[in-house]
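Working notes for the structure below.
Values in this text are rule-based calculations from the coordinates and carry no lab data. As the structure is a prediction and not an experimental result, all values here were calculated from the model. Note that each Cβ is placed from the backbone with ideal geometry, even for glycine, and that neighbours are counted across all protein chains shown.
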Amino acid sequence: MIRASRADRIAPLIQRELSDLLAAKIKDPRLSLVTITRVCLTSDLRTARVYFCMVEGDERKESVIAGFQSAIGFLKRELGSRLALRYVPELRFFFDESFDRADSLNRMFQAFSD
């Protein structure tokens, strides 16, 4: 039986808590309609790469990242109180381009099928 690493078990917990914080506690308009798509933790649990997407796609990417940067202290404090971790990882935010790529491919396939 293969056992998942601790980072693989904690990453979904961080994703769930960040999603909950975005929905319930964050009032920054730059972070409206933003979805956390995945979290990747380093094996030492010190750094979390947080991937997000949003309705408008690539146009708002920079303002959303700025919104996350301004909320980083609040997010880390909340994660620390919600999760029983010795150390709350450094949060780094990245636009998840996979949804835009999938949409582009889908439109291309539909154009060929019409």
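Observations on the model:
- Each residue in 88, 64 was given a count of other beta-carbon atoms within 10 angstrom of its own, and listing them fewest first yields 88, 64.
- For the stretch 62-71, putting each phi into the Karplus relation 6.51 cos²θ - 1.76 cosθ + 1.60 with θ = phi - 60° gives couplings of 5, 5, 5, 4, 5, x, 5, 4, 6, 9 Hz, in residue order, rounded to whole numbers and with x for Gly and Pro.
- The stretch 31-62 and the stretch 7-24 have Cα centres separated by 11 Å.
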